[in-house]
Amino acid sequence: MDGSPVPWLSFLLSSASIIVPVMVVFWIIGERIKNAGIVDVVWAASYGLLAVVFAMTQAGPPDRKMLLLGAVLPWSLRLAFYLAGRFMREFPHEDGRYHAMREAWGAKASQMMFWVFQFQGLLIILLSMPLAVIAADQEPHLRLNDYIGGALCSIGFLGEWAADDQLRKFKSQPDNKGKVCSAGLWNYSRHPNYFFEWLVWVGIFVIAAGCPGGLFTIYAPLLMLYLLTKVSGVKMTEEHASKTRGEQYANYQKTTSAFIPWFKLKG
């Protein structure tokens, strides 16, 4: 294992030099079309972009860079295309989260939205550090944790894909309008898509953990867990579903695990 200091500042500056201007450009686009929901697509695509940049610029061996790209690119691109499709289907209607922000901020909405985009950019920059650590590791042979982490990323990718596809098919049926989806993975978790997305981050950390400085990136899956369960993911979805689906969703909450897929609970 290479014992040289980890160039954290260099990693941060590399990410920032890409993400900050990208967020400025898409903030301008979002304001032109009056729809900030486009930032969700940028969020998903940014990790694939940074994985490619780090793979091209860091000194790790080809096998390690291929592992990084295999772990991140399929997940990032699939999620970006999925969110882009949802954005286009709902356009020009703006996601309720951002619409509520605009209404609350009034005349200052545009400038405040700029900082929303930049805050998301800051999170991307911080969360991209495990990707840089993996790409920079010069260990020529893959370790056991690399295989375990890669497997976790694959399970997370396939699980999130399946959950999103099951929800899409459920919503596409006119008879299901206003109903609670409990098909497939949604029978075992109220938010399987968020759980499997988090599992990808766990897998990325497991890969990074064997690299110099990699253990310090434990904050990435922990931060994502907090964001997904306490900030924008589970929390907002639960609040919206409780308001729009009432008793039906309350019963679903009583019998179905909130996050980790598990067997049905007694209501």
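Numerical summary
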| read-out | value |
| --- | --- |
| Vicinal HN-Hα couplings computed from phi for region 79-95 (Karplus, 6.51 cos²θ - 1.76 cosθ + 1.60; Hz; Gly/Pro x) | 5, 4, 5, 5, 5, 5, x, 5, 4, 5, 5, 8, 4, x, 4, 8, 3 |
| Space enclosed by the convex hull of the alpha-carbon atoms of region 169-267, per residue, Å³ | 107 |
| In degrees, nearest ten, helix 8-33 long axis to first principal axis of the chain (Cα) | 30 |
| Tail beyond 31 Å, pair distance distribution of the chain (Cα, percent) | 31 |
| For region 138-146, Karplus couplings with θ = phi - 60° (6.51, -1.76, 1.60), whole Hz, Gly/Pro x | 9, 4, x, 10, 6, 9, 4, 5, 5 |
| Net dipole in debye of region 143-267 [+1 Lys, Arg Cβ; -1 Asp, Glu Cβ; about Cα centre; nearest 20] | 460 |
| Centre separation in Å (Cα based) which lies between region 1-73 and region 190-267 | 23 |
| Packing rank of 28-34, 80-86, 208-214, where each peptide gets the mean count of other beta carbons within 10 Å, highest leading | 208-214, 80-86, 28-34 |
| Sorted peptide list for 223-230, 7-14, 88-95, criterion being average Cβ within 10 angstrom, highest first | 223-230, 7-14, 88-95 |
| Protection-proxy order for peptides 174-182, 144-152, each taking the mean of Cβ atoms within 10 Å per residue, highest first | 144-152, 174-182 |
| Note, ³J(HN,Hα) from phi for region 223-233, Karplus 6.51, -1.76, 1.60, rounded to Hz, x at Gly and Pro | 5, 5, 4, 5, 5, 6, 9, 10, 10, 10, x |
| Contact order normalised by residue count of the chain, Cα under 8 Å, 6+ apart, percent | 21 |
| Partners for Lys235 among lysines (Cα-Cα distance below 20 Å; same-chain residues under 8 apart left out) | Lys179, Lys243, Lys254 |
| Amide proton proximity set for Thr256, modelled H, under 5 Å, gap of 5+ | Leu265 |
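Since every read-out is calculated from the coordinates, none of them should be taken as a lab result. Model, not experiment: these values are computed from the prediction. Counting neighbours? That spans all protein chains shown, and the Cβs are built from the backbone with ideal geometry, glycine included.
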